[in-house]
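All remarks here apply to the structure that follows.
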Amino acid sequence: MTTSWLAVIDLQRLFAEPDSPWFTPGFSGITGTVGELLPVFGPRTVFTRFVAPQTPLGAWNAYYTRWPFALQPPDAPAYRLVREFEAVAGPTVDATTFSKWTPELTARVRDADRLYLAGVTTDCCVLSTALAAADAGISVRIVTDACAGVDDDSHRAALRVLGLCDPLIRLVTAAEVRTELLAETAGRAAPLEEAP
């Protein structure tokens with residue numbers, strides 16, 4: 001029997017707002033699809049946030065030298081989830097790393113043997129999370145029409161790379177997710193056959 005979770009990666013204002021240096025053009029095009037997935041997974045949904053560390057270490061120093069605007073506290077408006085999801089998200093899993101496959105996320109989805117990923121950006125945080133979760137033995141599904149990259153070419157390139165990891169990582173659409181989850185739910189509800 002499969003237990004599936006949905007991780008919604010970094011649907012935050014600093015990726016959604018056109019005046020942000022990290023604006024993701026495809027962001028608004030995926031929020032409706034993500035919203036449609038939420039009732040499919042219900043309480044087996046977790047939202048993540050990328051936040052800056054208080055003090056960058058190692059190579060992150062160069063990163064934040066390039067992106068100094070991002071050195072804001074985790075409660076800064078830029079790091080908040082977009083309004084569509086802020087009220088429904090519940091406690092988020094925050095990470096100062098691209099990958100959200102942290103001990104906190106692992107604990108939240110501890111009974112999962114399949115993890116669906118949606119969010120931004122396909123070519124950075126989604127990709128990093130997918131690879132780390134797959135390495136940990138989780139079957140990962142990337143919901144392709146519920147993810148956006150820094151641009152369309154980067155989104156497609158990331159999906160090509162992720163597709164090379166099949167069957168650890170598989171590419172699916174939101175419609176296919178609904179079909180898979182209906183089958184999973186039906187399997188749970190099916191009565192046990194009596195032994196002859």
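Structure values in brief
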item	result
The stretch 126-183: equivalent-ellipsoid semi-axes (sqrt of 5 x gyration tensor eigenvalues, Cα, Å)	18, 16, 9
Charge context of residue 122, other residues only, Cβ under 15 angstrom, K/R +1, D/E -1	-1
Approximate spin-label separation residue 72-residue 84, in nm, with each point projected 7 Å along Cα-to-Cβ	2.0 nm
Alpha-carbon centroids, the stretch 119-133 and the stretch 1-54: separation in whole Å	11 Å
Whole-number percent relative contact order across the chain, with pairs defined as alpha carbons under 8 Å at least 6 apart	27 percent
Structure-derived volume of the Cα convex hull per residue in Å³ - corresponding label in [x] 160; [y] 130; [z] 121	[y]
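Only the coordinates and a few stated rules stand behind these numbers; no lab work does. Just so it is clear, the model here is predicted, and its values are computed rather than measured. Reconstructed Cβ throughout: ideal geometry from the backbone, glycine too, with neighbour counts over all protein chains shown.
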